[in-house]
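Report on the structure given below.
The values are calculated or read from the model by the stated rules, or taken from the named source; none is laboratory data. Just so it is clear, the structure is predicted and the values come from calculations on it, not from any experiment. For neighbour counting, all protein chains shown are included, and Cβ atoms are generated from backbone atoms with ideal geometry for every residue, glycine included. For the accessible areas, the whole protein counts, side chains as well, though only heavy atoms, and no ligand, DNA or RNA atoms are used. Shrake-Rupley method; radii C 1.70, N 1.55, O 1.52, S 1.80 Å.
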There are 2 protein chains.
Amino acid sequence: MPKIGMEPIRRRALIDAAISAIGERGALNVTMSDIAGRAGVSTALAHHYFGGKDDLLFATMRHILTQLGNEIRPAIAPLSGPERVRAIIAVNLSPEQFRPEIIAAWLAFYVEARRDAALGRLFRIYVHRLHSDLLSGLAGLPRPAAIRTARGIAALIDGLYLRRALGEGVEDSRTAIFLVEDYLDMALARHTPHGGPFHG
Amino acid sequence: MPKIGMEPIRRRALIDAAISAIGERGALNVTMSDIAGRAGVSTALAHHYFGGKDDLLFATMRHILTQLGNEIRPAIAPLSGPERVRAIIAVNLSPEQFRPEIIAAWLAFYVEARRDAALGRLFRIYVHRLHSDLLSGLAGLPRPAAIRTARGIAALIDGLYLRRALGEGVEDSRTAIFLVEDYLDMALARHTPHGGPFHG
DNA sequence: TTTATTATTGATTGATGAGTCAATCAAGAA
DNA sequence: TTCTTGATTGACTCATCAATCAATAATAAA
């Protein structure tokens, strides 16, 4: 163990530990000792690198959002129209994102965002980003229908997350994706001149 | 102030106070003094009537669920088919249920239910009840489509709750109801021999 | 009036957990 | 070797909060 360059390693380990800890308890319960313990360091070191618990949790949420962004960006970049929307759905509900501990963290942060202004801002940026990404893929629909469908898809994804967190209802990633795509198909079919309501 | 028969009054006041407190903070933060203070009594009295914080919170969630059940039961009893589904949607997203503090409580309890077994059971009963109520109204659809649609509606409602809690996206009760009914209409239209996709 | 019962609280206890700090360790620089 | 600097922690402080309890007030029952 060299004595230099530990910072990025510790930061990352602490963030991973925070996600893991939040995944097991409900964010409220996580303590600095729990997180630090999982990361294999003392609470003092966690404070040293992050300043305080709030900062660590904020960094953790930012990490999760960044991670999601990094998965989404390249996935949708070359696509447009419905395929772009499908890609957004697929990534948001991918096994990677649909992991119980990630879901739990989302949920916990949703709650926390109600009180923490910085966290609230972070979320609003994410929500807005998702909405405009969806809209750009729904350009084929009349504007009001596109907006409604974008909101519907976003709400469906969040709802499926919630159900997943509770451990009830839709079980796996695949089923969840199918459910949302089904919604998308119906919305698209309504504005397709005619032919069967199914396609793809 | 007579010295007898205070119990039901205090219990109710404490539960209302808990909802209000949870509405302002995120359930994690609520303290017994906060709740007791809002109810105009000492923390000792709150403990006297409820035993402990967990019991008070459990009673609070049960109250919210009971309230919802009391609104839903008479509303759907005389109805069947799509109208029954519409009634379920309308009540779940009614201004009464769509109040920010109620939503915040839901969210907080969703999180808590992950750790508290009793609370988890309570939720599972609610989820199952909602699902079978929806299914009974969707009997006109083929079984797989009915199941999928019921899950979709439930997820949409939860998702809209989440968005509401975050203070973003769909604004009011009416818009939320319209969004979910739109989903229902599409699901129904797909299995209607033909004619326009809209009705009602 | 006395007695039992319900309602109610102030004060206290004990636990938990965030944040701080002075001290130690290790490795590269002088 | 000495000096400096990042890494690291144990021990401590301070605040918060759930829970308890003994004491008091007020009323109904005897």
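The figures follow:
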{"item": "Those residues of region B:145-173 which are surrounded by fewer than 24 Cβ atoms within 10 Å (Cβ to Cβ), at pLDDT below 95 and more than 9 Å from chain A (Cβ to nearest Cβ), in sequence order", "result": "B:Glu171, B:Asp172, B:Ser173"}
{"item": "In region A:29-44, the residues that are open to solvent by less than 50 Å² (accessible area, probe 1.4 Å), touching a Lys or Arg at 6+ places or on another chain (Cβ under 9 Å) and within 11 Å of DNA strand C (Cβ to nearest atom)", "result": "A:Val30, A:Met32, A:Asp34, A:Ile35"}
{"item": "Every residue from region A:124-144 that is of a type in the set (Gly, Ala, Ser) and either open to solvent by less than 20 Å² (accessible area, probe 1.4 Å) or in contact with a Pro (Cβ under 7 Å, 6 or more places away or on another chain) (or both)", "result": "A:Gly137"}
{"item": "Hits in region B:45-62 - residues which are over 16 Å from B:Leu107 (Cβ atoms) and away from DNA strand C (no atom under 15 Å from the Cβ)", "result": "B:Asp55, B:Phe58, B:Ala59, B:Arg62"}
{"item": "Per-region count, region B:100-124, residues without any contact (Cβ under 8 Å) to a residue 24 or more places away in the chain and over 20 Å from B:Ala155 (Cβ atoms)", "result": "3"}
{"item": "Residues satisfying the stated conditions in region B:122-138, i.e. of a type in the set (A, V, I, L, M, F, W, C), part of a helix (DSSP H, G or I) and more than 8 Å from every other protein chain (Cβ to nearest Cβ)", "result": "B:Leu122, B:Ile125, B:Leu130, B:Leu134, B:Leu135"}
{"item": "Tally of residues being open to solvent by 10 Å² or more (accessible area, probe 1.4 Å), farther than 12 Å from B:Leu162 by Cα and either facing chain B (nearest Cβ under 7 Å) or part of a helix (DSSP H, G or I) (or both) across region A:104-119", "result": "4"}
{"item": "Of all residues making up region B:28-62, the number that are within 14 Å of another protein chain (Cβ to nearest Cβ) and of a type in the set (Lys, Arg)", "result": "1"}
{"item": "Which listed residue, of A:Ile35, A:Ile22, is away from DNA strand D (no atom under 14 Å from the Cβ) and within 19 Å of A:Pro100 (Cα to Cα)", "result": "A:Ile22"}
{"item": "Matching residues, region A:90-103, being open to solvent by 10 Å² or more (accessible area, probe 1.4 Å) and either in contact with a strand residue (DSSP E or B) (Cβ under 9 Å, 6 or more places away or on another chain) or not in a helix (DSSP H, G or I) (or both)", "result": "A:Ser94, A:Pro95, A:Glu96, A:Arg99"}
